[in-house]
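Here's the structure, in structure tokens; my notes come after.
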Amino acid sequence: MLPAWLSVAKSQLGPLLFFDPGVYLQELLKVATSLLRLAVEGCQKSCNRSAEDLLVWIKNKDYDGSVRPNVTGGPVVIDIETYISSVSSIDEKDMEFSLDMFFRQRWKDSRLTYQPLPDKGINQRVILSPELSKYVWQPDLYFRNSKDARFHMVPTQNVLFGVSPDGSILLSARITTVLACQMNFREFPMDRQTCHFYVDSQTEDNVLVRWRNGQGVIVPEELEIPQYDLNRVVSKDRKGVYNTGVFSEPEATFVFKRRLMFYVYGFYLPVTLVVLLSWISFWIDPESTPARVSLGVITILAMGNYLHGGGATPNVSYATALDVYVITSFVFVFASLMEYAAVHCALVKYQESDLNEPCKLVKFGNPVESQDSEEGMVNGSFSSSSTVQLPVTLRSNEERGHTLRRKSIAQEAKLYYIQFNYKSLESYSRVAFPLLFAIFNVIYWFTYCGSKVGDQGIC
């Protein structure tokens with residue numbers, strides 16, 4: 001059914017196409033007068049009606065909820081506001097976070113004006129029941145990156161629909177929604193996650209959606225999130241231009257900062273203590289093979305429990321900051337065991353060279369001098385100042401003695417080198433391993449934390 005003013009315009013202006021200009025102006029004046037009279041009558045009816053009359057008018061379906069307010073004019077301005085009740089979870093595996101909020105919408109519909117009560121203030125409202133509010137026009141907003149959403153129905157439907165005397169409408173509903181969030185874990189657990197909340201609607205020709213007062217996200221100070229701090233919330237109005245038109249896309253950005261102390265107590269401190277434990281072997285006697293090997297194997301097995309964060313890190317295909325620390329610490333522990341392998345090898349060679357040292361009591365003399373040999377015997381043994389003369393049949397005494405002296409000098413040099421090698425390697429390791437690990441920690445923490453200290457202290 002056409003509105004009254006449109007029926008009048010159609011009946012009055014239809015035949016004017018065939019009239020002369022003078023008659024056209026006269027008829028046009030009549031149409032304007034009729035439209036003005038209808039507007040005044042409609043205003044008098046709406047302005048003079050009470051709140052009870054408004055409810056009856058809506059219930060009798062005299063109000064057309066399928067037509068937006070100001071249908072022939074500009075778009076309806078929708079001011080939205082969100083009160084965050086809680087952030088129940090941030091799921092790294094599915095890359096999503098959950099919001100429990102009161103989502104509020106405000107707009108104005110001049111068809112719903114009524115006479116205010118004198119004994120109430122200017123903020124008085126008529127609250128419509130959910131059954132009655134479904135007959136009133138409402139904007140069709142939706143959350144673009146929502147995976148799941150639900151209204152709260154306990155003990156009753158958590159929806160408030162209020163109408164002010166000037167036609168201003170407040171629609172508030174408690175909603176829990178799961179929103180998709182693209183996350184990056186390369187700096188885990190010193191990471192920040194930036195998640196978005198998008199609100200979309202119809203084209204701007206019909207509806208213009210914007211945050212109320214430019215900052216429509218309200219976060220209570222007592223809000224607590226497990227393992228995270230809500231660093232900041234930024235809301236801004238955006239426009240999306242598509243081939244179907246221009247759309248209002250208000251956006252709220254949540255910046256979550258992960259709390260580091262859980263991972264310091266659970267990962268960084270234990271891993272560091274295991275690395276320090278592996279260095280105890282540098283002060284254990286190299287000949288105590290069972291003690292040093294057992295200590296090295298135990299520390300390697302202990303480090304294996306922390307690889308990939310012990311299951312606490314997100315399952316991603318790239319290395320996180322925690323993985324870098326644990327794997328590097330594992331290399332230090334493994335290197336300490338390999339250091340003992342090198343020390344043990346040098347020690348064994350030293351002992352073998354010591355056992356194969358030529359006897360200094362033996363020298364080559366003239367062929368078969370048995371008498372001198374017998375004189376060197378004292379009570380069936382060699383005296384300390386005597387030597388045994390052995391016969392030489394292949395070479396002269398001088399050549400054999402010269403060759404033996406050269407071999408003795410070479411073996412003594414080799415023996416000294418090996419002895420110096422395994423002893424000095426232990427001394428160097430006691431200094432090099434702690435120094436290199438300290439340098440690694442300085443570089444690590446400066447890379448992941450030092451460059452962000454000015455940015456509200458990520459670590």
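Selection within segment 54-63: residues that are in contact (Cβ under 8 Å) with a residue 60 or more places away in the chain and open to solvent by less than 80 Å² (accessible area, probe 1.4 Å). The member of this set that is farthest from L117 (Cα to Cα) is Y63. Within segment 131-157, being part of a strand (DSSP E or B) and under 20 Å from S88 (Cα atoms) holds for F143, S146, K147, D148, A149, R150, F151. Pick out the one residue from R106, R144 that is under 20 Å from V217 (Cα atoms) and either outside the structural domain of D205 (by the TED database) or in contact with a Lys or Arg (Cβ under 8 Å, 6 or more places away or on another chain) (or both). When all the criteria are applied, what remains is R106.
Applying the set (1) open to solvent by 50 Å² or more (accessible area, probe 1.4 Å); (2) in a loop (DSSP other than H, G, I, E, B); (3) of a type in the set (S, T, N, Q) to Q124 leaves exactly one unmet item: (1).
Might you let me know whether segment 187-196 holds any residue that is surrounded by fewer than 16 Cβ atoms within 10 Å (Cβ to Cβ), in contact (Cβ under 8 Å) with a residue 60 or more places away in the chain and part of a loop (DSSP other than H, G, I, E, B)? No, segment 187-196 contains no residue that is surrounded by fewer than 16 Cβ atoms within 10 Å (Cβ to Cβ), in contact (Cβ under 8 Å) with a residue 60 or more places away in the chain and part of a loop (DSSP other than H, G, I, E, B). Against the test of being without any contact (Cβ under 8 Å) to a residue 60 or more places away in the chain, part of a strand (DSSP E or B) and of a type in the set (D, E, K, R), the options D285, D229 yield a single qualifying residue, D229. Within segment 256-263, can one find any residue that is closer than 30 Å to S146 by Cα and assigned to a loop (DSSP other than H, G, I, E, B)? Yes: segment 256-263 contains one or more residues that are closer than 30 Å to S146 by Cα and assigned to a loop (DSSP other than H, G, I, E, B). All conditions but one from (1) in contact with a helix residue (DSSP H, G or I) (Cβ under 9 Å, 6 or more places away or on another chain); (2) of a type outside the set (S, T, N, Q); (3) open to solvent by less than 60 Å² (accessible area, probe 1.4 Å); (4) in a strand (DSSP E or B) apply to W107; the one that does not is (1). Only one entry in E187, E251 is of a type in the set (D, E) and farther than 30 Å from L322 by Cα, namely E251.
The values are calculated or read from the model by the stated rules, or taken from the named source; none is laboratory data. Predicted, not measured: the structure shown is a model, and the values here were computed from it. Positions of Cβ are generated from backbone atoms using ideal geometry, with glycine treated the same way; all protein chains shown enter the neighbour counts. When the accessible area is computed, the model is the full protein with side chains, heavy atoms only, and any ligands, DNA or RNA have been set aside. Shrake-Rupley method; radii C 1.70, N 1.55, O 1.52, S 1.80 Å.
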